[in-house]
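Written below as structure tokens is the structure these notes are about.
The values are calculated or read from the model by the stated rules, or taken from the named source; none is laboratory data. Here the structure is a predicted model, which is why all the values come from computation and not from measurement. Cβ coordinates were reconstructed from backbone atoms using ideal geometry, including for glycine residues, and neighbour counts include every protein chain displayed.
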Amino acid sequence: MDAFYASVEQRDNPELRGKSVIVAWRGNRSVVCAASYEARAFGVRSAMPAVRAERLCPDAVFIAPDFSRYRAVSRQAKEIFKRHTDLIEPLSLDEAYLDVTQNKTGLPTATLVARTIREQIRKELNLTASAGVAPNKFLAKLASDWRKPDGLFVIQPEEIDNFLCPLPVGRLPGVGKVTEERLVKLGIKTVGELRKFDLPVLEQEFGRYGVRLHELARGVDENPVVPDRPTKSISVEDTLEQDVPLSELEPMIRHLAEKLWSASRKEPRTARTVVLKLKTSDFKILTRSHTPASPPSSCEELTAVVLQLRENVNLTPQQQYRLVGVGLSNFPKPEEGLAQAVLFE
């Protein structure tokens, strides 16, 4: 879905159409949940501190997020997906993978399925969606971003090499700022240049991720679309625009906790453990976790636990961080969750 939260707000309030809309609470501790394409033209991006977004786009309309409404629209979109296939793997409220190798409607090509779904979303939900069609999930994800907003991009099997080779290596999943710098030091700036490196060299430089780099450079991704897999954990994370000290992470933590709480409401079972993940400027990953006596029962309680976990990080105050994530884990087994649901009917 295109600029999903902001697009829902513009759809439901005609006065907002054509205006710069920022979905966020105002204040020093708030960050942007979503920005309309009008606001993005001023450089506003998701996860940006709200105060900076307001400086970049002073005439923007700020709207407090309404996750219950966004979840309802997301469910409507999924009902459209289900007309075409049961192989649906949601990634978030506004994004999903669909395997349409075989589809319910008998449409002859995946491209036609994608076009039909987009038309149905436009007609029934009065929203736009962008789609990527490709032989696997990795390529479909790249394709879905290629012609946003309101776009459709198809990568045919015979087109994979021509599409991938010119791309900057930073477009590959998992290649962040530090990994990209390491690749550049090896003389690798594009996917085509990455292909020239043998697997043993990449394994030596990047360990297990070297195997993944070798596969992605060739458009290989064997991960299937898996619907309804039992949830083992839920997490959200974001890479910061610039490295910041621990003391300045609270706005991002609050934003991610809100996203996490919203995502967790779709899961009938309740996770027992709260997790904080940090990545330092030198690419070291830290995690802190806590299993409270009773699971958080509100977004505020979840946020409080995560902020307390931040206090358990004992690195120097000068340490800078480039990524922050929050998560929920330690879900009961599906049969335990079912028993609990029946008990409280």
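Contact map, the range 297-320: first residue touching a residue at least 40 places away in the same chain (Cβ under 8 Å), second residue in a loop (DSSP other than H, G, I, E, B) and surrounded by 14 or more Cβ atoms within 10 Å (Cβ to Cβ), Cβ cut-off under 6 Å, separation 6 or more or different chains; pairs are L302/P296; Q320/S281.
Here L98, L91, L125 are screened, and the one residue that is under 19 Å from D221 (Cα atoms), of a type in the set (A, V, I, L, M, F, W, C) and buried (at least 17 other Cβ atoms within 10 Å of the Cβ) is L98. If you go through the range 75-86 and keep only what is under 20 Å from V8 (Cα atoms) and either in contact (Cβ under 8 Å) with a residue 24 or more places away in the chain or in the same structural domain as Q10 (by TED's automatic domain parsing) (or both), you end up with Q76, A77, I80, F81. Check the range 295-302 and report whether any residue there is part of a helix (DSSP H, G or I), in contact with a Phe, Trp or Tyr (Cβ under 8 Å, 6 or more places away or on another chain) and modelled with pLDDT of 90 or more. So far as the range 295-302 goes, yes, one or more of its residues are part of a helix (DSSP H, G or I), in contact with a Phe, Trp or Tyr (Cβ under 8 Å, 6 or more places away or on another chain) and modelled with pLDDT of 90 or more.
A96 satisfies every condition listed in (1) farther than 24 Å from P230 by Cα; (2) not in a helix (DSSP H, G or I) except (1). When the residues of the range 219-237 are filtered to those that are surrounded by 16 or more Cβ atoms within 10 Å (Cβ to Cβ) and out of contact with any strand residue (DSSP E or B) (no Cβ under 7 Å at 6 or more places or on another chain), which remaining residue is modelled with the lowest pLDDT? My answer is T231.
The set of residues from the range 44-59 being touching a Phe, Trp or Tyr at 6+ places or on another chain (Cβ under 6 Å) and crowded, with 20+ Cβ neighbours inside 10 Å comprises just one member, C57.
One residue stands out among those in the range 249-271 that are out of contact with any strand residue (DSSP E or B) (no Cβ under 8 Å at 6 or more places or on another chain) and modelled with pLDDT of 90 or more: the one that is farthest from Y5 (Cα to Cα), which is E250. Of the set (1) closer than 16 Å to R195 by Cβ; (2) surrounded by fewer than 17 Cβ atoms within 10 Å (Cβ to Cβ); (3) modelled with pLDDT of 95 or more, all apply to F163 but (2).
Scanning for something farther than 12 Å from A24 by Cα, at pLDDT 95 or above and basic (K, R), does the range 60-69 turn up at least one residue?
No, the range 60-69 has no match at all.
Candidates in the range 1-18 are the residues that are free of Cβ contacts under 8 Å to residues at least 24 places away in the same chain and assigned to a loop (DSSP other than H, G, I, E, B); of these, the one that is farthest from Q76 (Cα to Cα) is G18. V191 falls short of the stated requirement of being in contact (Cβ under 8 Å) with a residue 60 or more places away in the chain, outside the structural domain of N28 (by TED's automatic domain parsing) and either surrounded by 19 or more Cβ atoms within 10 Å (Cβ to Cβ) or in contact with an Asp or Glu (Cβ under 8 Å, 6 or more places away or on another chain) (or both). One residue stands out among those in the range 267-305 that are buried (at least 17 other Cβ atoms within 10 Å of the Cβ) and among the aliphatic types (A, V, I, L, M): the one that is farthest from P245 (Cα to Cα), which is A271.
Listed by position, the helices (runs of 4 or more DSSP H) enclosed by the range 108-196 that each have at least 3 residues that are within 30 Å of Q76 (Cβ to Cβ) are 110-125, 137-144.
The set of residues in the range 19-43 that are at pLDDT 95 or above, part of a loop (DSSP other than H, G, I, E, B) and either of a type outside the set (A, V, I, L, M, F, W, C) or buried (at least 18 other Cβ atoms within 10 Å of the Cβ) (or both) comprises K19, S20, S36, G43.
Is it true that some residue in the range 238-246 is touching a strand residue (DSSP E or B) at 6+ places or on another chain (Cβ under 8 Å), β-branched (V, I, T) and either part of a loop (DSSP other than H, G, I, E, B) or closer than 30 Å to P135 by Cα (or both)?
Narrowing the range 238-246 to residues touching a strand residue (DSSP E or B) at 6+ places or on another chain (Cβ under 8 Å): 238-240, 243-246.
In the following step, the residues that additionally are β-branched (V, I, T) were identified as 239, 244.
In the following step, the residues that additionally are either part of a loop (DSSP other than H, G, I, E, B) or closer than 30 Å to P135 by Cα (or both) were identified as 239.
Checked against the condition, which is being touching a strand residue (DSSP E or B) at 6+ places or on another chain (Cβ under 8 Å), β-branched (V, I, T) and either part of a loop (DSSP other than H, G, I, E, B) or closer than 30 Å to P135 by Cα (or both), the range 238-246 yields at least one hit.
Quick one: which residue in L240, L216, L199, L186 is surrounded by 17 or more Cβ atoms within 10 Å (Cβ to Cβ) and modelled with pLDDT of 90 or more? Even if it seems obvious, please write down each step before you answer.
Numbers: L240 fails: modelled with pLDDT of 90 or more; L199 fails: surrounded by 17 or more Cβ atoms within 10 Å (Cβ to Cβ); L186 fails: surrounded by 17 or more Cβ atoms within 10 Å (Cβ to Cβ).
Within the list L240, L216, L199, L186, the selection yields L216.
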